[in-house]
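The values are calculated or read from the model by the stated rules, or taken from the named source; none is laboratory data. A quick note: this is a predicted structure, and the numbers were derived from the prediction, not measured. Note: ideal-geometry Cβ built from the backbone for every residue, glycine included; neighbour counts use all protein chains shown. Side chains included, ligands, DNA and RNA excluded: accessible areas come from the protein's heavy atoms. Shrake-Rupley method; radii C 1.70, N 1.55, O 1.52, S 1.80 Å.
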Amino acid sequence: MTILSGAQLTVRLLERQGVRVVAGIPGGANLPIYDALSKSAQIRHVLARHEQGAGFIAQGMARVTGVPAVCMASSGPGATNLLTAIADAKLDSIPLVAITGQVPRGMIGTDAFQEVDTYGLTIPITKHNFLVDSAAELLEVMPNAFRIAASGRPGPVLIDIPKDVQTESIDVNAWPEPGAPDPAPPVDIALVQRAADLIEAAERPILYLGGGIMHAGASETASALAEKSSLPTVMTLMALGALPVDHPLSLGMLGMHGARCTNLALDECDLLIAVGARFDDRATGKVAAFCPHAKVIHIDIDSAELNKIKTAHVGIRGDAAAVLQELLPRVRGQDRYSWLARVAELKRMFPLVTPGIADPRTHYGLIRAVAENLDDEAIVTTDVGQHQMWVAQSYPLRRPRRWLTSGGLGTMGFGLPAAIGAALAEPDAAVVCFSGDGSILMNVQELATAAEEDVNIKVVLMNNNALGLVHQQQTLFYGKRIYASRFRAAPDFVRIAEGFGLRAVDLDTAENPKEVLHQALTTRGPCLIHAGIDVEDQVLPMVPPGAANIEMIGG
Amino acid sequence: MDGQSLFEQRTSARTVLELDVVNHPGVMSHVVGLFSRRAYNVEGILCMPVGAGATSRIWLLVNEDARLAQMVKQLEKLEDVLSVRRHGADHEVFERLEEFFR
């Protein structure tokens, strides 16, 4: 029998869960937990400089490992600062456990200092949340939170712990088992057989992979299915890396900034096999015009996704890997000669156009030059905007869980802290964060965290001194009325990085940018690589918002 | 209410949903939040504990809507919702209450 405070209990349960790193910021309402954390030999605390940074550091760890990661904040502004990172995890189905301090139970509802209704605020942006009412409850809540975060379709779980619960002492007689994911639901074999029959009968099928492929660890099985049945394969932003971009069957990313050949092939397909994808509007464009001639097979762990946007002829609820493993032996090998020839023709006629790719002083050329210095094990994170789409289009992504980007919520400020988290999870990996001058400023304070932790990250800052994607939309769709998207002040990002204690290089002033880039990328430790780009460069092709995917501009 | 006249509300198709839920202070917020964030009006709510009080039953009266099937799936995903059953609008649970709303 051990007497422990709620705070000590919390830390012990995290240790039992196998947690090694937590990111957070202490404050009045979570100081008991921090006091207990200070005595943990197992858990290393990484001090972020803004709670949103802590949330994205945890996301970086979770996205790379697939295991729930932990972030912490105090009550009030600490908790509200976490919200964006939690909402981001919800939309991209990332397993996250956020632990917040709350004012003592007796003061809840009195507008106490730094009191905010964290429980109420996080209902719509978590998979589940808890307001803990006693120290004893922690024995149930903590393992449950990890179980829920990792089960089925993963997602964020929040645990709000009032300060007096943290200081309440209880006798602990027995420890609960650490939370583990629930077993996957059984696969309905009859439905799998119907799906196999549709695939056999199809003449122009396309495999459409989403982020669920990553969560299920189903990349290899998906590739095997594509190869066995000769299925041209498109990927959502979240699924990039599931099939190597240079695989002969890969059509790369579909949707708003997909290559013309990709969206045109989808327009011709007669069967769409969606696996772990949710028919997001950025992927489908106008839904009524998306794959208008296709029957649909939809495989998803979340039954609420089936028939949500597009009616499935065969909808199968299940773990993507488990369903694909059942599907694989039920399809026979096919070469689909004429369909693959047609897809090859589309690729030849309407490829992705990447002007300047041989010149490291252009946006595509810089991305290519970075990739040439790294192998397939490198982890690539991005912020949100033009740079994100250029990297998604042109970086040679070939492995799952190496591509970390904010897809659903599209959060500027994601890239830098996510890169720090990735480096904490895999200290020996090369981690590159592509960012823009708009995005980097949204969590620039985490450069201090990067320097303090000496993580091996390289921030490639593509600077056009503008909110580039806003500028592009104003140019294309608002009569070139450029408003509030050009920055008048031009911060010196090299000096900013140096001021935070990072190495920094400027490719603009380098005589040999390739050599400077190589040096920067291959020297261990955090570094900022600055490169100016032209504000008139656009992400093309582009499907106008609300238009059909075949109505592409440019490219 | 959702902008319809009283007559339209009475004549539009209705559904009664019966939910078994874990009984704790946040469960009602979780349930009605699913509706409110989709601008989907809940016309009637009834909730009482069941048995010893570890669980509660929530009765919801909602308008039939193309989104209803999706709403039921979303309700079933909530951790605190143990089961969801659909009934016709003629279910007696709300009819018996009418005298309190005259």
Treat the range A:302-423 as a sphere of radius equal to its Kirkwood radius over Cα pairs and apply Stokes-Einstein at 25 °C in a medium of 0.890 mPa s; give the translational diffusion coefficient in µm²/s, rounded to a whole number.
135
24 Å Cα-Cα threshold exceeded, pairs from A:39/A:163; A:458/A:514; A:90/A:228; A:127/A:308:
A:90/A:228
What is the distance in Å between the Cα centres of the range A:55-86 and the range B:36-101?
33
Once the Cβ-Cβ distance between residue A:518 and residue A:293 is put in as r, and R0 is 35 Å, what FRET efficiency do you end up with, to the nearest 0.05?
0.15
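From largest to smallest, what semi-axes in whole angstrom does the range A:2-172 give when each is the square root of 5 times an eigenvalue of its alpha carbon gyration tensor? Mind showing how you got there, number by number?
On the way: eigenvalues 90, 67, 44 Å².
Computed over the range A:2-172, the values are 21, 18, 15 Å.
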Using amide H atoms built in the peptide plane, which far-off residues or other-chain residues are under 5 Å from residue A:50 H to H?
none
Give the value in nm², to one decimal: projected area of the alpha carbon convex hull of the range A:335-397, averaged over all directions.
5.9
From the phi angles alone, apply the Karplus equation (6.51, -1.76, 1.60; θ = phi - 60°) to the range A:56-70 and give each ³J(HN,Hα) in whole Hz, x where the residue is Gly or Pro.
6, 4, 4, 4, x, 4, 5, 5, 6, 9, x, 9, x, 10, 10
Over the Cα atoms of the range A:105-262, Rg to Rh with Kirkwood Rh, two decimal places?
1.17
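Where does each of A:474-481, A:267-274, A:49-56 land if you order them by average Cβ count within 10 Å, highest first?
In descending order of packing, they fall as A:49-56, A:267-274, A:474-481.
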Which value, in Å², gives the accessible area per residue of the protein assembly as shown when a 1.4 Å probe is used on the protein heavy atoms?
40
Mind listing, in residue-number order, the residues in the range A:97-123 that have at least 40 Å² less accessible area with every protein chain present than in their own chain alone (1.4 Å probe)?
A:119, A:123
Within the range A:363-532: Cβ-based charge dipole about Cα centre, in debye rounded to nearest 20 (Lys, Arg +1; Asp, Glu -1):
740
Helix A:415-425 sits at what angle to the longest principal axis of chain A, using alpha carbons and giving 0 to 90 degrees rounded to 10?
70
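Taking the convex hull of the alpha carbon atoms in the range B:14-101, what volume per residue do you get, in Å³?
Expressed per residue, the convex hull around the Cα atoms of the range B:14-101 is 100 Å³.
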Rounded to two decimals, the Rg over Rh value of the range A:216-330 from Cα coordinates and the Kirkwood Rh reads 0.92
The summed charge of the residue B:18 Cβ neighbourhood (under 11 Å; Lys/Arg +1, Asp/Glu -1) stands at +2
For chain A, what is the Kirkwood estimate of the hydrodynamic radius, computed as the reciprocal of the mean inverse distance between distinct Cα atoms, to one decimal in Å?
24.4
Mean Cβ-within-10 Å packing, highest first, puts peptides A:374-387, A:406-419, A:282-295, A:356-369 in the order A:406-419, A:374-387, A:356-369, A:282-295
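Please report the net charge: other residues with Cβ closer than 14 Å to the Cβ of residue A:343, K and R +1, D and E -1. Before the final figure, lay out the partial values.
On the way: positive: A:204, A:260, A:336, A:342, A:347, A:348; negative: A:203, A:267, A:268, A:270, A:335, A:345.
That works out to 0.
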In whole percent, how big is the carbon plus sulfur part of the accessible area of the range B:14-101, probe 1.4 Å, protein atoms only?
54
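Between residue A:1 and residue A:180, how high is the FRET efficiency from 1/(1 + (r/R0)^6) when r is the Cβ-Cβ distance and R₀ = 30 Å? Nearest 0.05.
Details: r = 26 Å, r/R0 = 0.87.
Given R0 = 30 Å and the Cβ-Cβ separation, E is 0.70.
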Using the charge dipole of the range A:189-349 (Lys, Arg: +1 at Cβ; Asp, Glu: -1 at Cβ; taken about the Cα centre), state which of A:218, A:299, A:324 has its Cα farthest towards the positive end.
A:299
So, in nm, how far is label residue B:48 from label residue A:227 when the simple model puts each one 7 Å beyond its Cα toward the Cβ?
6.3
Separation in nanometres of the label points that stand 7 Å from Cα toward Cβ, at residue A:39 and residue A:335:
7.1
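Give me the net charge of residue A:42's neighbourhood, meaning all other residues with Cβ under 15 Å from the Cβ of residue A:42; Lys, Arg count +1, Asp, Glu -1.
Result for the local shell: +4.
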State, in square angstrom and to the nearest 100, the accessible area buried between chains A and B, both chains counted, probe radius 1.4 Å.
1000
Sequence order, the range A:367-380: Karplus ³J(HN,Hα) from phi using 6.51 cos²θ - 1.76 cosθ + 1.60, θ = phi - 60°, Hz rounded, Gly and Pro as x, gives 4, 4, 5, 5, 4, 5, 8, 10, 9, 5, 7, 5, 9, 10
Residue by residue, what Karplus-based ³J(HN,Hα) values in Hz, rounded to whole numbers, does the range A:114-120 have, using 6.51, -1.76 and 1.60 with θ = phi - 60° and x for Gly and Pro?
6, 9, 9, 6, 4, 4, x
As computed over the range A:267-311, the Cα convex hull volume per residue (Å³):
65
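Summarise the accessible area of chain A (1.4 Å probe, protein heavy atoms) by the percent that is carbon and sulfur.
Here carbon and sulfur together make up 53 percent of the probe-accessible area.
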Work out the length of the dipole vector of the range A:2-172 about its Cα centre, built from +1 on the beta-carbon of each Lys and Arg and -1 on the beta-carbon of each Asp and Glu, and round it to the nearest 20 debye.
700
Give the long-range amide H neighbours of residue A:316: residues separated by 5 or more places, or on another chain, with amide H under 5 Å away, using H modelled in the peptide plane at 1.01 Å from N.
A:298, A:299, A:300
Let's test this: bin the Cα-Cα distances of the range A:418-555 at 10 Å from zero up to the farthest pair and state each bin's percent.
11, 36, 29, 19, 5
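I'd like to compare A:490-501, A:210-221, B:70-81: which one has the highest average count of other Cβ atoms within 10 Å, and what's the full order after that? Don't skip to the answer; put the middle values down first.
Working: A:490-501: 15.8, A:210-221: 23.8, B:70-81: 17.8.
So the peptides A:490-501, A:210-221, B:70-81, ranked by packing, come out A:210-221, B:70-81, A:490-501.
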Ignoring everything except DSSP H segments at least 4 long, calculate the 222 nm mean residue ellipticity for chain A; use -39,500 (n - 2.57) per segment, divide by total residues, nearest 500.
-10500 deg cm²/dmol
Amide H partners (placed H, <5 Å) of residue B:23, local residues excluded
B:55, B:56
Computed on Cα atoms, the radius of gyration and Dmax of the range B:29-70 in angstrom are 12.0, 37
Simple label model, 7 Å out from Cα along Cβ direction - residue A:511 to residue A:358, nm
2.4
